[in-house]
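The values are calculated or read from the model by the stated rules, or taken from the named source; none is laboratory data. Values in this document were obtained by computation on a predicted structure and should not be read as measured data. Note: ideal-geometry Cβ built from the backbone for every residue, glycine included; neighbour counts use all protein chains shown.
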Amino acid sequence: MPLITEKIISRKNFVPIVCIVYTLISLGKVILEFTSGTKDPDYEINFITIFIISFLATFVLALHYYLQNIPLPLVIIGQYFLLLGIILSTLWLLGHFVDVAPSGYMDLTWSFTIPYIIGAAIYYIQFHLEIKNANKTLEKLKKLGGHHHEN
Amino acid sequence: MKINKYLEPNLTEKYIDFYYPKEDAETAEIVNYLSSYKNTLYGRNNEEAKILPIHSIYYFEIVERKCYAYQKDSVWQVDTLLQSILESYGNAGFVRISKSMVINIYKIRMLKADINMRVNILLDNDESVILNRTYKNAFFKYLKQLRKEAF
């Protein structure tokens, strides 16, 4: 039963993942607009922004595998600042072509920070639950594993 | 290598005598191959050589391209590869925890999360090894699979 470890984001599936992320965010945006009855005045530029952010976010998250020797909390915090920097820089670049609301930077920071914190908290809880469940399994397996003798 | 086989209807037990001019890598490989039939490995260190029952091994580690088998309080060099171990003994509780280590799940006392969200694996012989993040999901998946098969 050997298991092969696969990266969730690899060179082969990088583009499909970007497309999936882009589709999901775009769908979310369209559904939100539809349910709230509002219309986005900067439709084209926002879809391009979503694509750029999807691409860069996938790229940054893919780096996770190459940072094995760095403590995970540092990776999570580092990735947060890197992603936030990319997102705000993208908004700054777009600000040269379209008008950005005065609260735009703060709104975008919160829009990114809140889901990121929720995601990190879910990961943290799941991480500890996984260990707890694994310890229970190990205990049960040991009770059953009568054929494993001490050397 | 010359192979002779003899049909002896009166024999009560099958046996193989293996003659070799010197103790070298090929010799060890052949002995390992034959030993694998009964879930044992041929291990050697500076002083002696020994047949190691697979269930007595805590973990395998690659150090400077050589594979070592760790028992409760002894270390043996074995002529095999981690991939071969996983293929042969994946069903016996051996799972990869890093690029250079394969561990016997039945020798784990418990898993512990450290402050850096790394998983420490505490073994029955009081040793502690680290579960690499890249192999974490595969490790937990393997445990789940064992649990499903066992209960």
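Annotation: of all residues in segment B:1-56 being among the β-branched types (Val, Ile, Thr) and under 29 Å from B:Leu86 (Cα atoms), the one that is farthest from the chain's Cα centre (by Cα) is B:Ile3.
If you filter segment B:58-73 down to residues that are over 18 Å from B:Lys99 (Cα atoms) and surrounded by 14 or more Cβ atoms within 10 Å (Cβ to Cβ), you find that the one that is modelled with the lowest pLDDT is B:Lys72.
Only a single item in (1) out of contact with any Leu (no Cβ under 8 Å at 6 or more places or on another chain); (2) closer than 10 Å to B:Tyr59 by Cβ; (3) at the interface with another protein chain (Cβ under 9 Å from one of its Cβ atoms) is not met by B:Ile108, and it is number (1). Across segment A:94-113, not a single residue is classified as within 14 Å of another protein chain (Cβ to nearest Cβ) and under 21 Å from A:Leu24 (Cβ atoms). The listed residues are B:Glu13, B:Glu8, B:Glu26, and the only one of them that is loosely packed, with under 14 Cβ neighbours inside 10 Å and either assigned to a helix (DSSP H, G or I) or in contact with a Phe, Trp or Tyr (Cβ under 6 Å, 6 or more places away or on another chain) (or both) turns out to be B:Glu26. If the condition is being hydrophobic (A, V, I, L, M, F, W, C), assigned to a strand (DSSP E or B) and either touching a His at 6+ places or on another chain (Cβ under 9 Å) or in contact (Cβ under 8 Å) with a residue 24 or more places away in the chain (or both), then segment B:103-151 contributes B:Ile103, B:Ala113, B:Ile121, B:Leu123, B:Val129, B:Ile130, B:Leu131.
A quick yes/no check of all residues on (1) more than 10 Å from chain A (Cβ to nearest Cβ); (2) among the acidic types (Asp, Glu); (3) surrounded by 14 or more Cβ atoms within 10 Å (Cβ to Cβ):
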position	(1), (2), (3)
B:Gln83	no, no, no
B:Ala92	no, no, yes
B:Asp126	yes, yes, no
B:Ala138	no, no, yes
B:Leu143	no, no, yes
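Among the residues that make up segment A:17-37, is at least one of them in contact (Cβ under 8 Å) with a residue 12 or more places away in the chain, part of a loop (DSSP other than H, G, I, E, B), out of contact with any Asp or Glu (no Cβ under 8 Å at 6 or more places or on another chain) and surrounded by fewer than 15 Cβ atoms within 10 Å (Cβ to Cβ)? No: zero hits. Across segment A:91-122, the number of residues qualifying as under 25 Å from B:Arg133 (Cβ atoms) and touching a helix residue (DSSP H, G or I) at 6+ places or on another chain (Cβ under 8 Å) comes to 4. Screening A:Leu67, A:Leu82 for residues that are over 30 Å from B:Ile57 (Cβ atoms), free of Cβ contacts under 8 Å to residues at least 60 places away in the same chain and within 14 Å of chain B (Cβ to nearest Cβ) leaves exactly one candidate, A:Leu67. Of the residues making up segment B:29-50, those that are closer than 30 Å to B:Asp126 by Cα and surrounded by 13 or more Cβ atoms within 10 Å (Cβ to Cβ) are B:Asn32, B:Ser35, B:Ser36, B:Asn39, B:Thr40, B:Leu41, B:Tyr42, B:Gly43, B:Arg44, B:Ala49, B:Lys50. If the condition is being under 20 Å from B:Lys107 (Cα atoms) and either within 9 Å of chain A (Cβ to nearest Cβ) or assigned to a loop (DSSP other than H, G, I, E, B) (or both), then segment B:62-80 contributes B:Gln71, B:Lys72, B:Asp73, B:Ser74.
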